[in-house]
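The structure appears below as structure tokens.
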Amino acid sequence: MKIVVAGASGYIGKALIPQLLERFPEASITALSRTAQPNSEPRIQWRACDLFSLKDLEQALPDEVDVAYYLVHSMGPTAQLDQGSFADYDLILADNFARALSKTQVRHLIYLGGLIPEQAELSLHLQSRKEVEEVFQEHQLPLTIFRAGLIMGEEGSSFQILLKLVKRLPIMICPAWTQTLTTPVGLGTVIRALSLVAGEVEHRGQIYDLSGCRPLTYVEMMRQTAQFLGKKSLFFTLPFFTPTLSRLWVSLVTNSPKGLVYPLIESLEHSMVARKDRLFLAEGANRDYQELLKEISLKVQPGRKLFQFRPQRKTVRSIQRLPLPKDRDAEWIKTRYIVWLPRYFAPFIKVKVDEAEGRVLFAFVSVRWPLLELKLSPERSQPDRQLLYIKRGALVAKDNKGRLEFRVVLGRRYVLAAIHDYRPSLPWFIYKYTQAQLHALVMRAFSRHLDGRTSH
């Protein structure tokens, strides 16, 4: 059996791989992570892989894949300047993985996402989890989906936040959202479920929920955790303490990155309870929370080490989600952008297009003063994805490896306009507060143009 684990160096991945090696003694594992990892096990091949690069991912995957695991979330930094929503980052990562897997004739894809409340409006974090599911389903992969709430374990970021609040605050003011119900689950249950379904035909096309105890509120989780630790803590609930204020003090008290805390707090406004009719490994779902606590370590980890990856200096990633007009594709969007941009900046920006060479030159006032050049990659482009490399120009650093892509996603509802690995020539401070801000402004204007709200 050939197994691929995307997100192998993360909290879940590190625990899953030993379980897979034990369950499948003849299996070989391709472990994908953003950086190289030490390895002493001959059956594991670690591959440093940038999942934002479809080409990099295709080269990292084996020619044939029996089982693939997708354990990736993009709440950490990916470049020195990240310009975009983590939901759009997650969307492009999942789409890359689905496209690359499709070429391997994968037999089984297993995805671990989050519990999805049965309501119309979701937080951005939960909507992102749902969109990843949609991406894999859209590519018609043989898919098993697991949905879990708070996964309890020593290195679990969400549980670490809860643990730090309990250990550091003798008196806790609890806003109304702490009264919502949830069903936490232990890391052991999650790993067991992920490994049990691998390669099993009857689980393909199924969506399962995971639970480790009976539902309880977040404030009750904190109260029982404090009792378990022998701490005498006081909890007071206040209806007017908003999620906005909550995320600020949670980030400060737990010393956790805002990029992690903010989406999680917004998600906690929803009741996230595992569905009884969709439970996998249901034997632990009726026990008390205190029994679940006995299974895990209650050691606090340093907050600032939650994100181990450190992006390269002076790199930029920018992803914007744009509306896709009916019956249009990425190729049309690319062409429209090239036509629209000089009109938007008229008379300051000039564009020279060489269709034979697939080159587009943007210049200031005259083509003799090039700002940057885009070079189409025809072998990496299709109607639903257009890839252009960012070449020479006054705005481009010499060691630049940047690329611009337009990609159709989510049933042709949107197109993602993404810049990856771009290195500007301007001094970083000047770039951050001039060119970067101007790019964001331009993409918002282009979005309005596509949506028909302006003819400019």
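Laboratory data are not the source of any read-out in this text; all were calculated from the coordinates shown. Bear in mind the structure is a predicted one, so any value in this text is a computation, not a measurement. Here the Cβ is made from the backbone with ideal geometry for all residues, glycine too, and neighbour counts use every protein chain on show.
Modelled label-to-label distance, Ser297 and Asn39, 7 Å Cα→beta-carbon offset: nm? Output for this residue pair reads 2.4 nm.
Under 14 Å of direct C-alpha separation, and excluding same-chain neighbours fewer than eight residues apart, Lys398 reaches these aspartates and glutamates: Glu373, Asp421. With both labels modelled 7 Å from their Cα along Cα-to-Cβ, the Val253 to Lys432 distance reads 3.0 nm. When Phe24, Phe429 are sorted by how many other C-beta atoms sit within 10 angstrom of their C-beta, beginning with the fewest, the order is Phe429, Phe24.
Compared with the direct C-alpha span, the chain from Lys167 to Lys232 gains 22.4 nm at full extension, assuming 0.36 nm per residue.
Checking the cross-link filter: which aspartates and glutamates have an alpha carbon closer than 19 Å to that of Lys164, excluding same-chain neighbours under 8 positions apart? Lys164 reaches Glu154, Glu155, Glu220, Glu266, Glu295. Here is what passes the span test in the chain: the DSSP H helices with alpha carbon length of 18 Å or more along the helix axis and a Kyte-Doolittle mean of -1.0 or above are 11-23, 86-102, 124-138, 330-345, 435-450. Straightening the chain between Trp340 and Ser85 buys 89.4 nm, computed as 0.36 nm per residue apart minus the Cα-Cα spacing. Of the chymotrypsin sites (Phe, Trp or Tyr not before Pro) in segment 170-266, the ones in a loop by DSSP (not H, G, I, E or B) with at most 12 other beta carbons within 10 Å are Phe240.
With each label modelled as a point 7 angstrom along the Cα→C-beta vector, the Arg444-Lys276 pair spans 4.8 nm. Scaled against the 2.2 N^0.38 Å expected of a compact globular protein of N residues, the Cα radius of gyration of the chain reads 1.05.
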